[in-house]
1. Could you tell me which numbered condition Asp205 fails, if it satisfies all but one of (1) over 30 Å from the mean Cα position of the chain (by Cα); (2) in a loop (DSSP other than H, G, I, E, B)?
2. Tell me, yes or no, whether region 488-504 has at least one residue that is modelled with pLDDT of 90 or more, more than 24 Å from Arg285 (Cα to Cα), of a type in the set (Ser, Thr, Tyr) and out of contact with any strand residue (DSSP E or B) (no Cβ under 6 Å at 6 or more places or on another chain).
3. Looking at (1) more than 20 Å from the chain's Cα centre (by Cα); (2) of a type outside the set (D, E, K, R); (3) open to solvent by 30 Å² or more (accessible area, probe 1.4 Å), which is the only condition Gly461 fails?
4. How many of the residues in region 642-657 are more than 22 Å from Pro524 (Cα to Cα), touching a Ser or Thr at 6+ places or on another chain (Cβ under 9 Å), of a type in the set (A, V, I, L, M, F, W, C) and open to solvent by 20 Å² or more (accessible area, probe 1.4 Å)?
5. Cβ-Cβ below 9 Å, separation at least six or inter-chain, first residue in region 97-122 and at negative phi and of a type in the set (Phe, Trp, Tyr), second open to solvent by less than 30 Å² (accessible area, probe 1.4 Å) and assigned to a helix (DSSP H, G or I): which pairs?
6. Taking the conditions exactly as written (surrounded by fewer than 23 Cβ atoms within 10 Å (Cβ to Cβ) and either under 21 Å from Phe479 (Cβ atoms) or touching a Leu at 6+ places or on another chain (Cβ under 7 Å) (or both)), does Glu439 satisfy them or not?
7. Can you tell me which residue within region 598-618, out of those that are over 42 Å from the mean Cα position of the chain (by Cα) and free of Cβ contacts under 8 Å to residues at least 12 places away in the same chain, is surrounded by the fewest Cβ atoms within 10 Å (Cβ to Cβ)?
8. Within the set of pairs 6+ apart or on separate chains, which have a first residue in region 262-275 that is assigned to a loop (DSSP other than H, G, I, E, B), a second that is among the hydroxyl-bearing types (Ser, Thr, Tyr) and open to solvent by 40 Å² or more (accessible area, probe 1.4 Å), and C-beta atoms under 7 Å apart?
Amino acid sequence: MNIHSFCLSAHHNHQIKKLDVNQLNQHFSNNETQVQFVPLYDSSSALNVLIKGQHVTACMKAKSAILRNNPVKAILSVESPTMDALYHPEIKGSLTDIAQEFEVEVKVHATSEAQIHMVGSIDSVELARVKILVLLDQLAGLNVDTLPDIPHHLHFLIAGRKHVQLQAIMEETSTNIYLQSPLCNLLEENSRNGMIYLTGESPSDLARAKDLLKKLAAQKIKSMHRKDSNMDSKKLDWILLNKRDQLRKIMRDNGSYFKFPILGSGSSSISIFAENRIYVERSIRLLNHLTSNIYEASFDLINPIQIQDLPCVLSQLSQSSGVDITYQPQASTVALFGTEAQVCTAYRLLGDMPFVKGNHQFTMFSLELATDQREFVSGKKNGKINKIMKTCAVTIRFTVSNEYNSYIIVESTNHSKALEGLTMLQDELPAETSFYVPEIYHRRIIGVAGKNIQKVMKKYGVYVKFSGAEEFASLGGYFENEDNVVARTPMKNQMNLEHLKLSVTEFIGFQKDKDFVSTVIAVPYDLQRILPSKYGGQLRDMCRTNNAKIWWPERLGSDNVVIYGPQTQISSVAAYLAQFVSRENHIAIALSGDMEVVLSDPNFVSNIQMKIHTALQDIELLQAVVVEQPNYKNSVLEWNSGYLIDSSKVMVFRLLCHDANHINQDMEQARDIIRALIESKKFQFKELSPIEQEPAYISQGSHSTAVYKQSCINSVSDVQNHLLPSSILANTPAMSEDPMFDMLDSTIPSPPLSESFATPYHPHDKSMPFIASSLLSAPFPTARNIWASPRIQNNNTVPPLVQSGEQMYRTSQYPPGIQPPLSPPPQQPSYHHAFSVVHQGSSLLSQQRNLHIRPSHSAPTIGTRHQPQHDQQLQQQPHHKSWPDVFFGGRDLFDNLPSRRASASTQYAFELYPNSTTTSSTSSPSMHQQQQQQQQQGYQHSKPLPMMSKYQQQFEMLAQNSPFVYSNAPQFSHSSINGPPFNNMDGHYQDASYTNFNPH
């Protein structure tokens, strides 16, 4: 008998408790298969499924039917509905009609922080959410129009990368444009999914938006690129069930569309549509990257298992670990499928069972990674793989999965040896992170012949690759669209990735160009249409000044607006945006007797409005609404007022607060005014207390979002109080005093390849409100490299040289809770000793002679030469045994340094003022060459260069507008160039602007 058992995960255990298990067993069982459902709501929120049948095909058909008619329903939310629509008298009837049309359940939590939840199948909730958002706009007074002419696969193409083009149209026309979800065809082909809805204030705006969309669609059709690819059908189903948010993010980031097969159909073909080949390739690479979290294992048995209660045993194994387990007696195999944690847990338990322990021929592990990473994992001449095979007595081989991925298969006749070999292999898998560094700093960070970056790479044992403009355009980005630097190291060395990032950013002297992070500010949904249209120019000027970006969310009912920029500037942009944001707060009281007649009187309401307007400048009373049937429920709609009430009517005072920094004080004063006026009418003021939502309707991440909204209300500028990236703060209990970061401590688990560990952290995925840019989609590397392209030569890898005396932190300088970087202890003199010579020297010539030991934040001066004796001494030092062997051989990433340079003004600014106390104020490459030529000719007392005055004048004019020069940079007058000479160390007189360089 074939046995198949797997788990269907739920948002909360309340979803599982409401299921009728007996009815489900009867519905899915038939003559060929027997299906049994087991609810799991004590230790985990899931529904276990056990399928038994005589034929494999019958079991697979039963599983497909269960996946398409999943008893565990999906939940989607509208987090910031328009308040004017919620208090419209037709809202309950309209929501009931939509719920019946799409066969979903709708639950409304109608407080000031209102939310609408939809429960149903994957396709139904996606379609219903769009229809509900259009309904809310219509009830709020906006006009509605439709555009059915554009095919579904073009929707995300016309939106552009990160929906920039769609946002520009909405900003120009002051409209909302609702595209159909790309995930609404997973269960069946739907003819309604090609409709585009538009809402706006005037018909002319809607007509203008429709014309722009049609023109944009005509352009996209001409340049559209399509590609078909293959992927294992089981992994496709797993991604569609567990990674829908990541799929939507991939399509949004690249302006692409995935046409998936029907869920559970067994098909492995995918079609990818995008504007050009680059975005198609990047979308496929990111899609294949999601499969790196999936592991497979199997036991090949000698004899079939002859145990009566085997189905119960395998079902309990699946329940305890969450793994997908299959037993086929014809092939005598037991197969495991799931995440790394699930498979390894079930593998250990299954391997110790008596019917497997002495009855298996061999066992196997299988995982996927990018094909281009095979060389990295294998090592030089397959050294790493041979070492693992020899140590653990296993066999490791590579097979092709598709065009982009390959399987790594670990086999052994001993199940414990196979697990040991997998553990050792995981240590050698590539761990990656990516971040953004402006291209103007790449040459400075790399250094002359790559010496600067070689020291950093050697120190931390990490490869770093910088992508110039051309290569960056050909790749389309790394983990994020903006990232142009990727760092890679074996998984056992993954903690050094963040330290390397900090060391690389040390070379950047301007605060506006370093430490790019992301923060989220809560903007009500109705203001997301108004603010860009009304204040778009001002917001763009503010972002341009602070080198930041504002990403408005997709029209899905979210109120999270992402601000991306330098850490020192991002708080200014957030505060500037917050001044345009007004939030609504409610005061609810229960009505009884004659209170409704008196309190609903327009004169009484206007009196409250006048007194609040006189006493408070930043708050106003919008409306006093009497709500009948505050708690309402029918077969498909559940309306919850959100308050503890014992009466049939409630009066809600809607107050609009304009100043988020003083909202608590203003609300208290407004409450006192309303209380005094109500008590003056001889009525008792009894305010209703809000209640929380049922846990079954709270989606993952809502708690952290709610906490951040409250933190935004209390203070908008809290983000500037943390000087370290959140990835460091997450592992630093002593420094995470803010409760926002305390939550982050619990969200990053420790297993290197577990499912929760690989979960992307991104603002649109409701992760933490303040995240380092390298953590937007991969907080720690997920052990896969997906960026290497066969069409682009990899010229940016170097076997790192032995590091000189440079280090990022001394051990005593680390804050409490942060461990020093995992690198060998430095055996060279410390910085303080090395720079004592620099601080003692007073002349420019003595400073020039010590340039080779300047700190890491200084700019490399072009034309200087290092001491060869010092370099040779360092190169002869043996490397530490903890460093991976892969870093001492292989390719050279810096064979060909980038030939592109910065603009003339910026490059000259760097050379003249490289932000270092050890650099001459008038050194430039052309000057160095002429000086060396004159030294060779014997002119030791030559005059200042005739072109220096010209260069100095040009620089003073260009430096005024150059963003790469500090505002407090030293200003040198013309007299300093032609001024009096000074006495150098050799006793010769020389002009200050003309320095002799020691060629040795």
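1. Every condition holds for Asp205 apart from (2).
2. Yes, region 488-504 contains a residue that is modelled with pLDDT of 90 or more, more than 24 Å from Arg285 (Cα to Cα), of a type in the set (Ser, Thr, Tyr) and out of contact with any strand residue (DSSP E or B) (no Cβ under 6 Å at 6 or more places or on another chain).
3. Result: Gly461 fails condition (3) only.
4. Filtering region 642-657 for residues more than 22 Å from Pro524 (Cα to Cα) gives 644-651.
Going one step further and asking which of them are touching a Ser or Thr at 6+ places or on another chain (Cβ under 9 Å), we end up with 644, 647, 649-651.
From the residues that got through so far, the ones that are of a type in the set (A, V, I, L, M, F, W, C) too are 644, 650-651.
Checking which are open to solvent by 20 Å² or more (accessible area, probe 1.4 Å) leaves us with 644.
Matching residues across region 642-657 total 1.
5. These pairs meet every condition: Phe102/Asp123; Phe102/Ser124; Phe102/Val125; Phe102/Leu127; Phe102/Ala128.
6. Values: surrounded by fewer than 23 Cβ atoms within 10 Å (Cβ to Cβ): yes; either under 21 Å from Phe479 (Cβ atoms) or touching a Leu at 6+ places or on another chain (Cβ under 7 Å) (or both): yes.
For Glu439, the condition - surrounded by fewer than 23 Cβ atoms within 10 Å (Cβ to Cβ) and either under 21 Å from Phe479 (Cβ atoms) or touching a Leu at 6+ places or on another chain (Cβ under 7 Å) (or both) - is met.
7. The first filter runs over region 598-618 and keeps only residues over 42 Å from the mean Cα position of the chain (by Cα), leaving 598-615.
In the following step, the residues that additionally are free of Cβ contacts under 8 Å to residues at least 12 places away in the same chain were identified as 601-603, 606, 610, 613-614.
Details: Asp601: 13, Pro602: 8, Asn603: 6, Ser606: 12, Met610: 11, His613: 12, Thr614: 9.
Ranking the candidates gives Asn603 first.
8. Cβ pairs passing all conditions: Glu275/Ser223.
The values are calculated or read from the model by the stated rules, or taken from the named source; none is laboratory data. Keep in mind that this is a model prediction, so the values were computed, not measured. Glycine gets a Cβ as well: all are built from the backbone with ideal geometry, and neighbour counts include every protein chain shown. We work out accessible area using only protein heavy atoms, side chains counted, and drop any ligands, DNA or RNA first. Shrake-Rupley method; radii C 1.70, N 1.55, O 1.52, S 1.80 Å.
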